[in-house]
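The next block holds one structure in the form of structure tokens; read it before the comments.
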Amino acid sequence: NAAEKDRIGQFSANIIKERRLIICDNIYCIEEIVRTIGEIKPDYAVIDFLHCVRAIKRCESRRTEIDYISQCLKQAAKRYSCHIIVLCQVSRPEKGIRRSPKMSDLKESGGLEQDGDYIIMLDRTYVQDKTADPCEAMVLIDKNKYGDTGAIAFRFLGHKQRFVEQIHQK
């Protein structure tokens, strides 16, 4: 509804105004991203989309470049006491094979698996199997440095682009 949209808009504007959050969706150089985080010192930074990020440093392969980028982000998070959320692509399973994503599906994933404190994946069966319920979704906590791993059932409300946790009643 309109009141909810206004409340979300005001909340978002306030967070960005106070520089508690930056979204790196138009900076594509890791060195520039780290410099920006250092200047702003936000509480949270979101890197949207890791596979668009490049390094000035010469790397022998894309995998070593991703490892370098991951290390830079980990160091920046520690140096500036900033939580960094990195959005990343997963490799798709072969045609006809349906399975949930897992940590090893992260593209060029070595450094990401090692450096991330948490690895959280979204699984919507409907994306691969159009006969499945389009509202069914799972949030998979594949790595949790400080706690348990597992899956949480959600409902995807496409008309609102929102995921809502399913509450199971006993």
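Is it true that residue 108 is within 24 Å of residue 47 (Cα to Cα), open to solvent by 50 Å² or more (accessible area, probe 1.4 Å) and outside any loop (DSSP other than H, G, I, E, B)? No: the conditions fail for residue 108.
For beta carbons closer than 6 Å, sequence separation of 6+ or different chains, a first residue in region 140-155 that is over 18 Å from residue 113 (Cβ atoms) and a second that is open to solvent by less than 40 Å² (accessible area, probe 1.4 Å), the qualifying pairs are 151/140; 152/139; 154/137; 154/139. Screening the candidates 70, 81 for the property of being part of a helix (DSSP H, G or I) and either touching a Cys at 6+ places or on another chain (Cβ under 6 Å) or among the hydroxyl-bearing types (Ser, Thr, Tyr) (or both) yields one hit, 70. Within region 57-64, at least one residue is farther than 29 Å from residue 161 by Cα, in contact (Cβ under 8 Å) with a residue 40 or more places away in the chain and either open to solvent by less than 90 Å² (accessible area, probe 1.4 Å) or in contact with a Pro (Cβ under 9 Å, 6 or more places away or on another chain) (or both). Among the residues of region 4-32, which ones are aliphatic (A, V, I, L, M) and part of a helix (DSSP H, G or I)? Matches in region 4-32: 8, 13, 15, 16, 30. Scan region 26-41 and give yes if some residue there is modelled with pLDDT under 95 and within 23 Å of residue 141 (Cβ to Cβ), otherwise no. No, that holds for no residue.
Could you say which residue among 46, 86, 90 is in contact with a Pro (Cβ under 9 Å, 6 or more places away or on another chain), modelled with pLDDT under 95 and either aliphatic (A, V, I, L, M) or at negative phi (or both)? Unique residue meeting the criteria: 90. Residue 42 versus (1) part of a helix (DSSP H, G or I); (2) more than 25 Å from residue 110 (Cα to Cα); (3) of a type outside the set (A, V, I, L, M): which is the lone unmet condition? All conditions pass for residue 42, except number (1). Among the residues of region 12-56, those identified as charged (D, E, K, R) and open to solvent by 90 Å² or more (accessible area, probe 1.4 Å) are 17, 18, 19, 20, 35, 39, 41, 54. Of the residues making up region 85-99, at least one is surrounded by 13 or more Cβ atoms within 10 Å (Cβ to Cβ), more than 16 Å from the chain's Cα centre (by Cα) and not in a helix (DSSP H, G or I). Scoring residue 72 on the criteria (1) under 21 Å from residue 28 (Cβ atoms); (2) exposed (fewer than 13 other Cβ atoms within 10 Å of the Cβ); (3) among the hydrophobic types (A, V, I, L, M, F, W, C) leaves a single failure, condition (2). Can you name the condition, by its number, that residue 143 falls short on among (1) surrounded by 14 or more Cβ atoms within 10 Å (Cβ to Cβ); (2) over 27 Å from residue 78 (Cβ atoms)? Here residue 143 meets the rest and fails (2). Once region 111-140 is narrowed to residues that are open to solvent by less than 40 Å² (accessible area, probe 1.4 Å) and more than 18 Å from the chain's Cα centre (by Cα), the residue that is modelled with the highest pLDDT is 132.
The values are calculated or read from the model by the stated rules, or taken from the named source; none is laboratory data. The model shown is predicted, which means the values in this text are computed figures rather than measured ones. As a convention, Cβ positions derive from the backbone with ideal geometry for all residues, glycine included, and neighbour counts pool all protein chains shown. Surface accessibility is based on the protein's heavy atoms, side chains included, excluding ligands, DNA and RNA. Shrake-Rupley method; radii C 1.70, N 1.55, O 1.52, S 1.80 Å.
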